Amino acid sequence: EGQAPIRIPHAIDKAHPLRIVLVGDSMIGLSGPGVVAALEATGEVRAFNFGYPGFGTSTFKYWRGYVRHAVTVTHANLLFFSTSWDGRVARDEPAEYHQRMLELISIARTAGASGVVFLQYPRTRPSYDISPASQQSNKRAVAAWNADVAALPAELPGVAMYFPIAAGVELHGTFSPWIPPPRDPTAPRSTWDRVRRVDGVHLCPPGIELYAAPIASDTASVWNLPEPKAGWWVNGWQRAPKIGR
């Protein structure tokens, strides 16, 4: 709410779909098949998954070329972006990182996109963060990244947007490997869904469904698209090789 929609320079319909490219780290990469399925279930979106393990502007030397390539080859109207690998830079060097995100938006627009949608990064608890200090450091890094990109729509209205979609895979705003079934928060714990892999970061298929659904719903709401057609969550994307690994 309160964000100016990114203007798409053509009428969106089945013949002229909204073209979206997903760019980010392995959260995007591994969840991508479900996100693509949910977006395309609107009937008026064509989506492409360019998520890559470890991708971030602070970890990938050629991130500028990668962003430009992703937009150019897909003829994307929108770039959807999310990564946790930039969290420490966003936390420790906020001014420098903010300028980097402005540059990312500029690159995407120069390549042909109308704007960038930043996807809120869910809270994580990586299995290698075994100490309380390490866990707190990770929590602060994720929060810093989210805070930085959440501020961009006010600075660049109609060019940047932020979708606060992480709550679907969190429990009362905190990390949890298990989540009650959708629409039934009082369900007994024996019926809860496992939404995170054992690494404490990535999503299992039930988690991907809960992550993808608000992305598609927000997209439909902002650009006046049909809501995703029921059944997209069982249309076979769970068998994608990257999800099975």
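The values are calculated or read from the model by the stated rules, or taken from the named source; none is laboratory data. This structure is a prediction, so every number in the text was calculated from the model and none was measured. Using ideal geometry, Cβ is built from the backbone for each residue, glycine included, and neighbour counts are taken over all protein chains shown. Note: accessible area is taken over every heavy atom of the protein model, side chains too, but ligands, DNA and RNA are not part of it. Shrake-Rupley method; radii C 1.70, N 1.55, O 1.52, S 1.80 Å.
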Exercise. What chymotrypsin sites (Phe, Trp or Tyr not before Pro) does the range 2-71 have in DSSP loop regions with at most 11 other beta carbons within 10 Å?
Worked result: TYR62
Exercise. Extension gain GLU96-TYR62, at 0.36 nm per residue separation less the Cα-Cα distance, in nm?
Worked result: 10.5 nm
Exercise. In whole Å, what is the distance between the alpha-carbon centres of the range 212-235 and the range 114-136?
Worked result: 25
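Kindly rank 19-25, 190-196, 121-127 from highest to lowest mean number of other beta carbons found within 10 Å of each residue. Write out the running numbers ahead of the final one.
Details: 19-25: 24.9, 190-196: 15.3, 121-127: 18.9.
Descending mean neighbour count gives 19-25, 121-127, 190-196.
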For this session: In Å and from the alpha-carbon atoms only, list the Rg and Dmax of the chain.
Result: 17.2, 53
Problem set entry | Lys pairs, the chain - Cα-Cα below 30 angstrom, 8 or more residues apart or on other chains | 6
Problem set entry | Value of relative contact order over the range 194-245, rounded to a whole percent, pairs C-alpha under 8 Å and six or more apart | 24
Seminar exercise, completed: Simple spin-label estimate for GLN136/GLU170, 7 Å along Cα→Cβ, in nm, reads 1.9
For this session: Note down the nm distance, to one decimal, between modelled labels 7 Å out along Cα→Cβ at SER127 and at GLU227.
Result: 3.8
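Quick check on the chain: helices-only [θ] at 222 nm, where DSSP H runs of length 4 and up contribute -39,500 (n - 2.57) each and the sum goes over total residues. Nearest 500, please.
Values: 8 runs with 95 residues, N = 245.
It comes out at -12000 deg cm²/dmol, rounded to the nearest 500.
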Problem set entry | Computed over the range 76-167: relative contact order in percent, which uses C-alpha pairs under 8 Å that are six or more apart | 39
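Quick one: pull the percent of accessible area on the range 139-245 belonging to carbon and sulfur, 1.4 Å probe, ligands and nucleic acids left out. All intermediate terms of the calculation are to be shown ahead of the outcome.
Details: 3200 of 5370 Å².
Answer for the range 139-245 is 60 percent, counting heavy atoms of protein chains only.
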Seminar exercise, completed: Counting only protein heavy atoms and rolling a 1.4 Å probe, one gets per residue an accessible area for the range 1-141 in Å² of 45
